[in-house]
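Have a look at the structure below, then the notes.
Bear in mind these aren't lab numbers, they're just calculated from the coordinates by the rules spelled out. Predicted model only: the values in this text are computed from it and were never measured. Counting neighbours? That spans all protein chains shown, and the Cβs are built from the backbone with ideal geometry, glycine included.
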Amino acid sequence: MSRKIRMGMVGGGQGAFIGAVHRLAALMDGQIELVCGAFSSDPEKSKVSGDDLFLPSDRVYDSFEQMITSEKKLPADRRMDLVSIVTPNHVHFKPAAMAIQNGFHVICDKPLCYNLEEAYELNNLVNHSDRIFALTHNYTGYPMVKQAKQMVHRGDLGIIKKIVVEYPQGWLSTLLEASDQKQAAWRTDPSKSGIAGAMGDIGTHAENLAEYITGLKISELCADISTLVDGRKLDDDGNVLLRFENGARGILYASQISAGEENNLRIRIYGEKGGLEWAQMEPNTLVVRWADRPVELLRTGGIGICKEATAHTRIPAGHPEGYLEAFANIYRNVAKCIQAQIIGVQVDPLYKDFPDIADGVRGMEFIYKVIESGKSEQKWIKL
């Protein structure tokens, strides 16, 4: 294919943290170019943000509706191919649905939607189209996460018995939303975040990582959900017991009031023959513990790494490779799939490995069942 994939962005204007992350990730491999955007619900702010990104003024729009409608009218050799949605949760569904209905591919930040009804409707739209939909559960993009997945799927650990996944943060240990902190304000606001706070924001990352690596679905859960900062409207801490479809047991802990923690996502998986441990803050290392031989440390780019991990490794062994590269792996894979669709060829299965609409629906169902269990005296809830 002789051109880049053309991308439009919804949200991500001045002052938005995640928009810059998505743009860097999209541009990293030279497969995607940003050609247009509706960067804010405030038209003036959208214009200024577009100026900052050196976009032509006629490709900077006042709203996502205007962007999608206008781009569809452009000639095929100019219009965008892909919409990247980097807004708060309550502004995921409408631009995603409109993009799919108008023939554009979508990459959307997580969680999928504001509520479960929107998730089911969007799932139906995507499944009745030929458009690609990706969700940025970016932790699946790390090479050592893909190594862990392949080792589990090969049966290296034997039958999986125990899964422990945790995601503690400390940034909301005080009522930060009472200040002018934008990220805290919308994440703790039910009108923007939905029914969950910490469980929607980071608990879904933990759920997704556990199911992605093991290939096992959570079948039942029992949740203790808390709001521990006075004056906060949504949960900021949760502990969940898990039962998986093969009979394995698990524990999921997600907290944004664990003072002093940064982004300490960590997972441990135990089978009959051994266990794996991976931590997001030390992402180049996968610890393998065997029942009958010494511990092994597998390293990104090192000896004995599977092809799936190697295909998502960008730099020589020993160099830090992390958050932005993991995001970029999702964008690169989506770009490869779109390119293959445009020219009518089959894409290498390695590049089909990214979270999709089904993962998004799964995450929303997890949020709802966790909150239901947290409020219920029954506790064990089927997922």
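Miscellaneous remarks
- Here the simple spin-label model places points 7 Å from the Cα toward Cβ, and for E262 and M1 these points are separated by 3.5 nm.
- Annotation: peptides 364-371, 327-334, 13-20, ranked by per-residue average of other Cβ atoms within 10 Å with the highest first, follow the order 327-334, 364-371, 13-20.
- Relative contact order (%) - criterion: Cα under 8 Å, at least six apart; region: the stretch 5-131: 24 percent
- Alpha carbon centroid spacing (whole Å) that separates the stretch 1-64 from the stretch 257-294: 36 Å
- If the chain linking D77 and T310 were pulled fully straight, counting 0.36 nm for each residue of separation and taking away their Cα-Cα distance, it would gain 80.5 nm.
- Residue among A254, A206, A76 with the largest mean-square fluctuation in a Gaussian network model of the chain, springs linking Cα atoms under 10 Å: A76
- Antiparallel DSSP beta bridges within the chain, as percent of all bridges there, nearest 5: 60 percent
- Rounded tilt (10° steps) of 204-214 against the dominant C-alpha axis of the chain: 60 degrees
- Footprinting exposure proxy for W290, W278 (fewest neighbouring C-beta atoms within 10 Å first): W290, W278
- Each residue in E33, E321 was given a count of other beta-carbon atoms within 10 angstrom of its own, and listing them fewest first yields E33, E321.
- Additional length obtainable on full extension of the chain from D29 to D230, 0.36 nm per residue less Cα span: 67.9 nm
- For the stretch 235-241, 3J(HN,Hα) computed residue by residue from phi via the Karplus equation (6.51, -1.76, 1.60; θ = phi - 60°) reads 4, 10, 7, x, 10, 10, 8 Hz, glycine and proline entered as x.
- Placing a label point 7 Å from the Cα of H319 along the Cα-to-Cβ direction, the residues of the stretch 11-25 with a backbone N closer than 20 Å are 24-25.
- Look at the alpha carbon pairs under 8 Å that are at least 6 residues apart: their mean separation over the length of the chain gives a relative contact order of 19 percent.
- Between amide H atoms placed 1.01 Å from N, distances below 5 Å from G274 occur with A291, all of them 5 or more places distant or on a separate chain.
- Tensor-based shape of the stretch 76-205 (alpha-carbon gyration tensor, a/c under 1.5 rounded, otherwise prolate or oblate): oblate
- For the pair S219 and K382, label points projected 7 Å from Cα toward Cβ lie 1.1 nm apart.
- Sites S191 and S41 - FRET efficiency at Förster radius 22 Å, r taken between beta-carbons, to 0.05: 0.95
- When F93, F39, F354 are arranged by Cβ crowding within 10 Å, least crowded first, meaning fewest neighbours, the order is F93, F354, F39.
- Taking amide H as placed 1.01 Å from N in the peptide plane, the amide H of I107 sits under 5 Å from that of V83, S84, I85, A134, each at least 5 places away or on another chain.
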